[in-house]
Every structure is written in C-alpha cells, then in structure tokens.
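Visitor: To start, I am sharing the structure in question, which I have written as structure tokens.
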Amino acid sequence: MKSIKDYVSLEQKFYEVILNRYDVLFEDILTSANVNDFKEIVIYATGSSLNAAYGALPFMNKCLDVPIRIEEPSIIKNYLPSVGNEVLNIAISQGGHSYSVIELVKMLQQQGKKVFVFTSELGSPLAKVSENIISMGMPVEEMPYVSAGYSVLILDLMLLSLKLAIKTGKLTSDDELNSLKQIQQVVNKIPEVIKSSEIWISKLETKLTIAKRIIFIGYGATYGVAREGETKITETVRISSWGKELEEYMHGPYLGLKNEDIILFVDPNGRLKERANLLKKFLNKYVTNVVTIYANEGSSLENDLQLTVNVPEEFTALFMTIPIHLMSYRLSKLKGIDLTVSAYPDFDQITASKI
C-alpha cells in the first residue's frame, strides 16, 4: 500500500494529468441545461473534502462572483432540506462511501434537483446512486488518510470554476490563460516544495514528536489548509489538534493557550498578513513555539518555512498542505503508528459512517 509520502510525491503527476484533460474533464456539467441559470453554488462535503472546498473557495468566488456556500451534508439532509431551484449543487466524496453524502444526493435527486458528484471511485456506492458524476481525474487513493486526493480536489474545483466563468461570460479567455499559467507555476515548483518541507520537518521533528497539541491558523485560501492540518494530525498522529481561521482563533480559542502548544501559522502572504503578525506578536509572549509556513518569503526566523512560490494568495492552497501532510506522515512513523491498520476497526461496523 502506498503511504501518504508516496501520494504527496505523486501530486505533481496528478496535477499534470488533470491539466492535460482540462478541456474534457467537466464536459458533462458544462453542457447541462441549467448551468447558465444558477445564482448560487452549494458544495456538500465532509472531512478532507470539506477542507479542500474551503481551500478552493476564494479562487472560485473570484472567478464566478456569486454566493458560494459549503455545507455539511447531514445538516442539510436532516434539518435544512429546502434547496433552491437556482442553485448549482456539488457533492463530494473522494472514495464514494460517505453515508451522509450518499443520503443527501438521494434526497436532492428525489426532489428533482440536479446535483453533480465529484468522486475518484466510479464504481462506489455513491456513484451507483448518482445521476451526474464528475471524475476527479485520479486513481482511487489506497491510503485511507487521503493526501493527494485532497490536493487534486482543490485543483478540480478551481478548474471547474474557470470553465463555468468562461461559459457564463464572467471571465475572458485571457483571464483563463493567466490563471492556468499561475497554476502551472505551482505545479513546476512542487518538487522544491517537497524538498524544503522535508528539511524543515527534520529540523523540528524533536519538538513536533513531543507535542501534546498543534494549533494551525490560516486565512483566505489557507483556512482550508489549517482545517486539513487539524484533520490529518488528529487522524495520523492521534494527538489533540485544532485548525482555525485567523479571526476565529482571536475570538475566544486563544484563551485556551498553553505554553507547550505548537502554534503553526499557514500564511499565504495575503491581505491579512499584518493581522497575522499582530497575533504572532501576542502569542510569542506566552508560547514557546510559534512557527510559520509562508507561501513565498516571510521572516528570517530559524523555525519558519519559506516555500518561495510567488503566486496570488488564492492559488496557495494547491501546495501549502504539502509540508503538513509530510509532517503527519513523519510523526506517525516516529511514534510507531501503523496507518495501514485501523485504530478502531469496529467504528464503521457500529456507526455505518462509510458504506
């Protein structure tokens, strides 16, 4: 079975394959009769898929300039089932086994709503009940704790937004070309990002290994990255972890600070950089380890990581999770956690969370 590290190393290849298929990958959704009529987009997802949607959200909004909501499928299915007729519904389950997504898709289709479903497993239970399937453009990920699938999903949502924006006249072909150039710039830099991330993790691994809690803080496109940090560290390292948006963290959670916490900022070098610097100034008074991953260049502090990818902040979710996924892999190895063996093998048997 491939490891998280193996899948991170495959991200550049997967990105290239999808970019080469860009013109045909979303053909079904683009030829749909109601694609010109939507006034809102609602994305339904859980776990890493939900995190990926938050990572793609700033780019999607910039392209399409319509309200875009990200919702938990179970909440919509059980408590807020009224979905408007002018909504472009997008449901996501990478492996296609999520109970809540399957049930939501069935409900929407029974209501006569069209819902487009992203999955990498075209023979999955979700694919079997879905009327409109969009392939993620990559093989099914063997490792249960997805890494490449998370990143690929961000690219899929971004590229879909570009195609929709061209079709609806929100963007020109020149705008599209410029965005594709920025994405290609990211793809070309992935080997360097992996190399610098591994060096950085080696330098910090002693502190990270003994950490009792890691708190990830992001903003804009890296809010989804911070959420994924919480998800992946909890899943693989099995310690307490949070993933917070910058302002969200400043409104209450900071009061739970402990000196031994590791606070890890994921900074896209974006418009809230100065707000992040003010928070770091406060945290440095009370916490020993405040660390930042910068998309491009940042401080010269010894423990910070500068990925030196100079792109607009809405593209940064495409690569800024790489050091976090590699960190989760390294720490799980150091702690002797076998990620191929379920920690609680009876969980799905009892809860039916996955079908």
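The values are calculated or read from the model by the stated rules, or taken from the named source; none is laboratory data. Remember, predicted model here, so these are calculated numbers, not experimental data. All Cβ positions, glycine included, derive from the backbone under ideal geometry; neighbour counts span all protein chains shown. Please note that ligands, DNA and RNA were not included when accessible areas were found on the heavy atoms of the full protein model with its side chains. Shrake-Rupley method; radii C 1.70, N 1.55, O 1.52, S 1.80 Å.
Visitor: Let me make sure I get this right: for the stretch 183-273, a, b and c are the square roots of the gyration tensor eigenvalues over alpha carbons, sorted descending. Under 1.5 in a/c it's rounded, otherwise prolate if a/b > b/c, else oblate. Which is it?
Guide: It is oblate, given that a/c is not under 1.5 and a/b is not larger than b/c.
Visitor: Tell me, what is the Rg over Rh of the stretch 2-122, with Rh the Kirkwood radius over Cα pairs?
Guide: Reported Rg/Rh, Kirkwood definition of Rh: 0.97.
Visitor: On to the next question. With a 1.4 Å probe and every protein chain kept in, tell me what percent of the accessible surface of the stretch 4-171 is carbon plus sulfur.
Guide: 48
Visitor: Which percent of Cα pairs goes in each bin when the distances of the stretch 190-335 are cut into 10 angstrom slices starting at zero?
Guide: 12, 48, 36, 4
Visitor: Give the separation of the Cα centroids, the stretch 158-234 to the stretch 265-303, in Å.
Guide: Answer, in whole Å: 17.
Visitor: Over the stretch 4-171, average the accessible area per residue using a 1.4 Å probe and give it in Å², no decimals.
Guide: Ligands and nucleic acids excluded, the result is 38 Å² per residue.
Visitor: If a/c stays under 1.5 just call it rounded; otherwise compare a/b with b/c (prolate if a/b is bigger, oblate if not). Do that for the stretch 95-237, with a ≥ b ≥ c from the square roots of the Cα gyration tensor eigenvalues.
Guide: oblate
Visitor: Let me ask something additional. Run through every distinct alpha carbon pair of the chain and return the Kirkwood hydrodynamic radius in angstroms, one decimal place.
Guide: Hydrodynamic radius (Kirkwood, Cα pairs) of the chain is 20.8 Å.
Visitor: Still on this structure, I have one more. Taking K and R as +1 and D and E as -1, what net charge do the other residues with C-beta under 13 Å from the C-beta of Gly243 add up to?
Guide: Residues near Gly243 contribute -1 overall.
Visitor: Antiparallel versus total DSSP beta bridges in the chain: what percent is that, nearest 5?
Guide: Just about 5 percent of them are antiparallel.
Visitor: Using only the alpha-carbon atoms of the stretch 123-205 as identical scatterers, what base-10 log of I(q)/I(0) does the Debye formula give at q = 0.17, 0.27 Å⁻¹?
Guide: -0.94, -1.29
Visitor: Before anything else, pin down the relative contact order of the chain: Cα pairs under 8 Å, at least 6 apart, normalised by residue count, whole percent.
Guide: Relative contact order here is 20 percent.
Visitor: Using packing as a proxy for protection, rank 3-14, 169-180 so that the peptide with the highest average count of other Cβ atoms within 10 Å comes first.
Guide: 3-14, 169-180
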